[in-house]
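Inspection log for the structure reproduced underneath, given as C-alpha cells.
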Amino acid sequence: MVALVIALALFFDFTNGFHDTANAMATPIATGAIKPKTAVALAAVLNLVGAFLSTEVAKTISGGLIREGTDGIHITPDIIFAGLMGAVLWNMVTWLKGLPSSSSHALFGGLIGAAVVGIGFHSINFETVLQKVILPAIFAPLIAGLVAYICTRLAYALTSRHDPETGDKLTQKRGGFRTGQIFTSSLVALAHGTNDAQKTMGIITLVLIAAGTQTPGSGPQFWVIAACAFAIAIGTYAGGWRIIRTMGSGLTEVKPAQGFSAETSTASAILASSHLGFALSTTQVASGSVIGSGLGRKGTSVRWGTAGKIALGWLFTLPASAIVGALTALLVGTGVVGVIIAAVAGTAAVLFMFVASRKSHVGHHNAVEVEEAGHAVRFRKKKKSRKTTPSEDVQR
Amino acid sequence: MKWLELLQVAGVTLFSAVTLVVLYSLGVRLTAIAGDAQQKSPGLMRSLAYVCFAICGAAVLFGIYLIVPYFGK
C-alpha cells in the first residue's frame, strides 16, 4: 500500500507539473518571447531548483480541511490513496479538455471525498473549505484580473507614442516587453516549484511516518525530495500543451506588453498571497490575469465561451475529484482485492485518456501559432517604420 | 473569515504589479525615445531607461528572496 501511494503521489506530482506549465509559460510562448521548447525546459529547470530549495513539510496533508492531527482523525494511507486517485483523474480530464484547473483543489476534493466515505462527514472542516477553497476561487481571478487590467492599460498608455506635430503614430517599440516576460514568467515557475513539489513531499513523508519507516516530526528524506523534484520537472517539461494553447491563445490574443502585465500581476499575486496568508491558487490567478490583460488592451476580445468553460471546470473540480476519491475509498475499504481493482481501474482510466489525447495531438509545434503571430508583428513594424520615414524626412 | 488578509493581498498585489509595470513601461518608452533620430540627448534617455530596468531587476531579485525559504526564516 505504501509503495502504491508513493507511486501515485509521484504521478500526481507529474500531472501537477504539466498542468501548471501553462501558468508560467503560456503568455511568453504566445508572444514569441521564448521558443516553446526552451520555455518548458526553462520552467522545468526552475521547478526542479524550486523543489530542492524548499523542503519544509506541511504539518497536515489537507491544510486543515480535514480535522487531522493529534487530537483529530488519523488519516490512513488508504484515504490518501483514494484522495490522490481523485486528484490525478480530475487532472487528466481537465488536461484532455485543455482546461487550466487547480491541482491543489483537485487534491483537496479527492481527500474530502475519501475522508467522507472512510471516516464520515464530521471529519470535514467546512469553514476551512469555504475559506481555503471556495472564496479564493472567486477572489483569485477577480483580484488578478483587475490588477492585470490596470497594468495593461498603464503599460499601453505609457508606451504609446505619437508624433507631437503630425499626430501620427510613431514606432511603438514595445518589443522590450518580451525580455521582461522572460523574467516575470521565470519567477512564476520558480514559485510554483517551491510550493507544489512540497505538497507531494509532505504526502509521501506523512505516509512513511504512518507506515513507521520514518520517525515522526522528521523532514523528508533525500530520495523523497529528489523524486518529487524530478517528477514535477519532468511533468513540466512534458508540457501541458493543450492547456498552454488555452491560456496562450484560447482566452484572448496576447501581445508582449499585455503578456508582461499579465505575468507581473500573476507573480505579484502569488508572492503576496503566499507571504500574507491568504492562499490563492496559481492557476486561478494566472487565468484571471490573462483575461484581465485581454480586457485592458484595445482591439482584443476575450473569448468568454472559453472563460466560462474554465470557470465551469473550477466549479466541478472539488465535487468531481471528491466523487472519484469517495468511490476509490469505497473500493479500498473492501480489502486487498478492492485496492487492486482501484489501482487497475485508475491506470486504465489514465491510459484511456492518454490514448484519447492522441486523436487530436497538441504539441509544441501547434500549441500556439507563434510563427504566424511573429510574422504579423514583424510585418506591422515594417509598415509603421515606412509610415514614419516620410514624416522624418519632412522634419529634416 | 480572513477578509483583512484578503484585502491586504489584493492591495499588495495591485501596488507591486502596478509599480513594476509602470517602471518597465517607462524603461521601454525611454529606450524608444533614445532610439529616435531627432533625439538630442540619447545618452541621458538611455541611462534613465537603464535605471528603470535596474529597479525592475531589483524587484525580481526581491521576488526570488521571497520565494526561497532559506532567506526568509
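The values are calculated or read from the model by the stated rules, or taken from the named source; none is laboratory data. Since this is a predicted model, take the numbers as computed values, not measurements. Cβ coordinates were reconstructed from backbone atoms using ideal geometry, including for glycine residues, and neighbour counts include every protein chain displayed.
Table: residues versus (1) at the interface with chain B (Cβ under 8 Å from one of its Cβ atoms); (2) within 21 Å of A:ILE244 (Cβ to Cβ); (3) modelled with pLDDT under 80.
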position: A:GLN172; (1), (2), (3): yes, no, yes
position: A:THR179; (1), (2), (3): no, yes, no
position: A:LEU190; (1), (2), (3): yes, yes, no
position: A:ASP196; (1), (2), (3): no, yes, no
position: A:THR200; (1), (2), (3): no, no, no
position: A:VAL207; (1), (2), (3): no, no, no
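Which ones in segment A:1-39 are under 13 Å from A:ARG178 (Cα atoms) and of a type in the set (Val, Ile, Thr)?
A:THR27, A:ILE29, A:THR31, A:ILE34 - these are the residues of segment A:1-39 that are under 13 Å from A:ARG178 (Cα atoms) and of a type in the set (Val, Ile, Thr).
Does A:ILE310 meet the test of being aliphatic (A, V, I, L, M) and away from chain B (no Cβ under 14 Å)?
Numbers: aliphatic (A, V, I, L, M): yes; away from chain B (no Cβ under 14 Å): yes.
Against the criterion (aliphatic (A, V, I, L, M) and away from chain B (no Cβ under 14 Å)), A:ILE310 qualifies.
In segment B:34-70, which residue that is within 18 Å of A:ALA257 (Cβ to Cβ) and at the interface with chain A (Cβ under 8 Å from one of its Cβ atoms) is surrounded by the fewest Cβ atoms within 10 Å (Cβ to Cβ)?
Once the filter is applied, the top-ranked residue is B:GLY35.
Sort through A:ILE291, A:ILE225 and tell me the only one that's over 17 Å from the mean Cα position of the chain (by Cα), touching a residue at least 40 places away in the same chain (Cβ under 8 Å) and either assigned to a helix (DSSP H, G or I) or within 12 Å of chain B (Cβ to nearest Cβ) (or both). Walk me through how you get there before you give the answer.
Values: A:ILE291 fails: over 17 Å from the mean Cα position of the chain (by Cα).
None of the other options fit; the residue is A:ILE225.
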